[in-house]
Amino acid sequence: MAGESNFVESVLEVPARSVPDLIGSGGCVVKALRDACGVHVNFPTQVHKAGEAEKPLAKVVVAGPKDGVAAAKDAIKLIVQQYYAPITHPGLTHAEFNVEEWQIARFCGRAGSNVRHIQGDSKARVYVPREGSANKAVVVVGTPSQVAVAKKHVVRILESIAEEAKAKDTSEEAMAAAFRAGKAHDNDDEEPHEEWMDAYLYKR
């Protein structure tokens, strides 16, 4: 009976967009959580009625030994925040960069060219925030050496954006205001989604 009293089940609500990161390619993240913490992790299927908006949150059920569930929950929270956790992605680190919403398109580059270049040269992963994301910063994830290379590219791009604004004699505040006005004019429509974004916004 002692073993039974040590068994617990916990339910977490996470952003729906974070579910692919928690599952991992081929279920590798779920398997790592199971092996490291001795728990079972399930993602209940959420049924959406016709015409109903997709729910922003998803439920994750973690069950197993009390200590293992606590460790798994901590890892899940880290993955939601920074796309990885030490027990599921050993050897990785990350860096975060505050990028204003109006700067995102310029940062990504035409058809995501900047993001592709950073990832291709550094081998690090670059995550760009979108509506519904838990992390509002641009996050670079990889080994220490990969992140170091990626950081140089990110800094250079952000400096270029600042220089562009200065060259046009337009303050960042004015550009941000113009961006917000443009969004309002679009009647709150969701930003256009392009297939190239999937590889950079979510870690499959």
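Every number here is computed from the coordinates shown, using simple stated rules; none is lab data. Model, not experiment: these values are computed from the prediction. Quick reminder, even Gly has a Cβ in these numbers, built from the backbone with ideal geometry, and neighbours come from all protein chains shown.
With the convex hull of its Cα atoms as the shape, the stretch 2-82 has an orientation-averaged projected area of 5.9 nm².
Among the listed pairs K73/K123; K123/K152; K136/K166; K77/K152, those with a Cα-Cα distance over 20 Å are K73/K123; K136/K166; K77/K152. Each residue of the stretch 148-159 was assigned a 3J(HN,Hα) from its phi angle through the Karplus curve 6.51 cos²θ - 1.76 cosθ + 1.60 (θ = phi - 60°); the sequence is 4, 5, 4, 4, 4, 5, 4, 4, 4, 5, 5, 5 Hz, with glycine and proline shown as x.
Compared with the alpha-carbon gap, the fully stretched path from K77 to N42 is longer by 11.1 nm at 0.36 nm per residue. One chain, two ends: V61 and N98. Fully extended at 0.36 nm per residue, the span grows by 10.1 nm beyond their Cα-Cα distance.
Electrostatic bookkeeping for H117 treats Lys and Arg as +1 and Asp and Glu as -1; over the other residues with beta carbon under 13 Å from its beta carbon, the sum is +4. With both labels modelled 7 Å from their Cα along Cα-to-Cβ, the V149 to E13 distance reads 4.2 nm. In this structure the amide hydrogen of V8, modeled in the peptide plane, comes within under 5 Å of the amide hydrogens of G64, K66, none closer than 5 places in sequence on its chain.
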